[in-house]
Ligand SMILES: [Zn+2]
């Protein structure tokens, strides 16, 4: 190759101009890639953000060019506003590997207060992404009933129990498909309607899949399931020990149901209906083949964790209003200043 200095002045100018253009293209490309790596703004979802140094703990801080707010990768996750991060992570591993242990024993082992142990448990459970995006193949919708519980409400507000009228049952739908995917959905308090299932599983079952449902005496439950199936244009078939035309194996859903019932009736002293969603996720994790560290990895990065945790009371209030026949009574008056900022998309 001819040396640069041997070139004529005109050719040198030409060559320099070519390099300058190539250089600016490469810079642009690098910048674009760098922007793509930066987390989008948790406040306004804008992706054009700047790096503005590091925070006290050495984590990169970003600043949004649209709303001017600054944040780190952990803003909005369950790590948000948390001081004992490594302890919290160990707590999370313990919950998912060993399953349920009493809050008292957890608080002793981790040297934290009882209230912190409770808060951490629910912070972690709100950050878990358990439910699959889409169920496929044969999708069993299994109904299970738990008692309505107002645990935590205190004795100061006794329930207005009408003599002779039984307490409303809480209907849960366990969904499980042929690909081992499964999740628990708290559907209604009181009678189960098709619209209750619709609100939890709308667009979550792939077109062309078939719903399978176990024969039960509760015809109203089957009516609700078939209403949902028809609405979503899915075929429905029923099975039991005597008649199982598709040779469907229900152990996936059955085991999850057992896990949940053990958690509610044996391992804990009852679960408040407000937190049943959380315990459903916990039971699912105990019955899954996915690695615990994958769940931990995802949960620590999930930027809706803080919002889900702080909005639990509001989410439950909305659920009671739309899917139940009981009266909503506020159990927690705790409010977080930052709760409204990080609105979770699905709540
Ligand atoms: Zn912003």
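The values are calculated or read from the model by the stated rules, or taken from the named source; none is laboratory data. Everything quoted here is computed from the prediction, not taken from an experiment. Backbone-built Cβ (ideal geometry, glycine too); neighbour counts: all protein chains shown.
Residues that are free of Cβ contacts under 8 Å to residues at least 24 places away in the same chain, over 30 Å from residue 285 (Cβ atoms), away from the ligand (no atom under 16 Å from the Cβ) and not in a loop (DSSP other than H, G, I, E, B): does the stretch 73-88 have at least one?
No - not one qualifying residue is present in the stretch 73-88.
If only one of 318, 281, 344, 303 is under 16 Å from residue 126 (Cα atoms) and at pLDDT 90 or above, which one is it?
Working: 318 fails: under 16 Å from residue 126 (Cα atoms); 344 fails: at pLDDT 90 or above; 303 fails: at pLDDT 90 or above.
Going through 318, 281, 344, 303 in turn, the sole match is 281.
Of 277, 240, 294, which residue is touching a residue at least 60 places away in the same chain (Cβ under 8 Å) and out of contact with any helix residue (DSSP H, G or I) (no Cβ under 6 Å at 6 or more places or on another chain)?
Numbers: 240 fails: touching a residue at least 60 places away in the same chain (Cβ under 8 Å); 294 fails: touching a residue at least 60 places away in the same chain (Cβ under 8 Å).
Just one listed residue meets the conditions, 277.
Considering the stretch 126-142 alone, what residues qualify as being within 8 Å of the chain's Cα centre (by Cα) and more than 16 Å from residue 301 (Cβ to Cβ)?
131
Suppose we keep only residues that are under 20 Å from the mean Cα position of the chain (by Cα) and surrounded by 15 or more Cβ atoms within 10 Å (Cβ to Cβ) within the stretch 95-105. Which one would you say is nearest to residue 267 (Cα to Cα)?
100
Inside the stretch 23-44, can you point out the residues that are at pLDDT 80 or above and within 16 Å of the ligand (Cβ to nearest atom)?
Selection gives 38, 39, 40, 41, 42, 43, 44.
Taking residue 263, is it modelled with pLDDT of 90 or more, over 13 Å from the mean Cα position of the chain (by Cα) and either farther than 13 Å from residue 127 by Cα or surrounded by 19 or more Cβ atoms within 10 Å (Cβ to Cβ) (or both)?
yes
May I ask you to verify whether residue 128 is within 29 Å of residue 180 (Cα to Cα) and out of contact with any strand residue (DSSP E or B) (no Cβ under 7 Å at 6 or more places or on another chain)?
Yes, satisfied.
How many residues, within the stretch 20-44, are free of Cβ contacts under 8 Å to residues at least 12 places away in the same chain and surrounded by 11 or more Cβ atoms within 10 Å (Cβ to Cβ)?
The total comes to 1.
Mind checking which pairs have a first residue in the stretch 50-69 that is without any contact (Cβ under 8 Å) to a residue 40 or more places away in the chain and a second that is part of a strand (DSSP E or B) and loosely packed, with under 11 Cβ neighbours inside 10 Å, Cβ under 7 Å, 6 or more apart or different chains?
Here the result reads 61/53, each pair linking the stretch 50-69 to a residue that is part of a strand (DSSP E or B) and loosely packed, with under 11 Cβ neighbours inside 10 Å.
Could you please give the count of residues in the stretch 45-72 that are more than 8 Å from the ligand (Cβ to nearest atom), surrounded by 11 or more Cβ atoms within 10 Å (Cβ to Cβ) and not in a loop (DSSP other than H, G, I, E, B)?
Residues flagged as more than 8 Å from the ligand (Cβ to nearest atom), surrounded by 11 or more Cβ atoms within 10 Å (Cβ to Cβ) and not in a loop (DSSP other than H, G, I, E, B) within the stretch 45-72 amount to 11.
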